[in-house]
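None of the figures in this text is laboratory data; all of them are computed from the coordinates on show. Because the structure is a prediction, the values reported are computed rather than measured. Glycine also receives a Cβ, built like all others from the backbone with ideal geometry; neighbour counts cover every protein chain displayed.
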Amino acid sequence: MSQIDYFTEDRSVEAVNARMGDEVSPRLREVMASLVKHLHGFVKEVELTQEEWEVTIEFLTRTGQICDDKRQEFILLSDTLGVSMLVDAIQHRRPPGTTENTVFGPFHVDGAPVLDMGANISLDGKGETCLYEGRVQDPDGNPIEGARIDVWSDNSEGFYDVQQPGEQPEWNNRGVFITGADGRYWFTGIKPVSYPIPDDGPVGQMLGHLGRHPWRPAHMHFMLNHPNHERIVTHTFVSGDDYLTSDTVFGVKESLVVDYVLNESGETKWKAHFDFVMVPNQ
Ligand code: BEZ
Ligand code: FE
């Protein structure tokens with residue numbers, strides 16, 4: 001007589017995973033079997049109580065309920081638990097000397113205007129001006145022509161334009177630049193400021209319960225696309241920022257921290273130099 005896998009505490013994982021049908025794809029089988037194994041392992045390790053599980057279900061329910069087309073609380077949850085950065089790290093292992101990725105975040109908007117090199121993206125006139133400049137190159141130091149550089153940052157009060165529609169000009173602190181044959185880029189923005197991630201929902205409450213703050217160190221977002229190279233999604237961080245070592249979404253990497261230096265000879269107050277190194281497609 002064949003052994004029937006009734007559900008028991010000891011054989012809980014086997015009982016659940018045995019129910020998967022024969023037609024399940026190998027990858028879904030692998031992912032779900034592992035998820036069940038680790039989820040049950042977690043419940044067993046902490047001996048989760050009924051009450052704790054109910055609080056968890058209630059927390060996840062509220063996390064879903066606050067989501068809409070502008071607010072994605074599950075992404076914030078993934079970010080603050082380090083899962084976004086872990087998936088990114090695994091998927092974007094790059095050779096030394098090439099530009100590292102970091103978290104994408106919820107504030108990118110498709111369709112920002114393509115601007116002439118040198119344009120000013122700060123449309124509200126607030127904040128300390130900064131010249132951003134550098135080169136886009138391959139690992140051998142050759143310039144990359146036709147790289148599309150999408151940039152976005154908060155304003156001097158710590159808010160993205162999409163967080164303050166009607167208050168900030170549309171496309172404030174956003175733009176797209178395309179490199180020429182020399183691979184160079186330059187534009188004017190502001191020296192960004194540190195800001196808290198939206199913390200008026202379940203994720204903010206979770207951070208509070210865990211004795212964690214919701215702040216991100218000041219940063220400028222960059223996304224680089226080129227048909228022959230791997231996409232880069234990254235930020236540059238302002239050196240000296242108070243939150244560099246405690247970014248609430250774990251996005252900081254040493255190679256992405258940039259010195260903002262006084263721009264003695266130029267029209268902006270600050271200057272921030274950063275060269276991007278893109279990995280050629282396989
Ligand atoms: C951001 O940098 O825009 C961001 C990233 C993760 C969560 C919230 C904001
Ligand atoms: Fe940001």
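Odds and ends about this structure:
- Long-range Cα-Cα pairs in the chain (distance over 35 Å), rounded percent: 30 percent
- Karplus-derived 3J(HN,Hα), 6.51/-1.76/1.60, for each residue of the stretch 225-230, Hz, glycine and proline x: 10, 8, x, 9, 9, 5
- In plain terms, the residue of His92, His38 with the fewest other Cβ atoms within 10 Å comes first and the most crowded comes last, giving His38, His92.
- Helix-only mean residue ellipticity at 222 nm for the chain, each DSSP H run of n ≥ 4 adding -39500 (n - 2.57), per residue, nearest 500: -7500 deg cm²/dmol
- Simple spin-label estimate for His38 and Gln72 in nanometres, 7 Å along Cα-Cβ: 2.0 nm
- Nearest-0.05 FRET efficiency for Phe59 and Arg29, computed from C-beta distance (R0 35 Å): 0.75
- Exposure proxy order (Cβ contacts within 10 Å, fewest to most) of His229, His219: His229, His219
- Here the stretch 222-282 is treated as an ellipsoid with the same Cα gyration tensor; its semi-axes, largest first and in whole Å, are 25, 19, 8.
- Converting phi to 3J(HN,Hα) with the Karplus coefficients 6.51, -1.76 and 1.60 and the offset θ = phi - 60°, the stretch 160-170 yields 7, 3, 5, 7, 9, x, x, 8, 9, x, 4 Hz in sequence order, with x at every glycine or proline.
- Highest-MSF residue in the chain out of Ile190, Ile66, Ile75 [GNM, Cα springs under 10 Å]: Ile66
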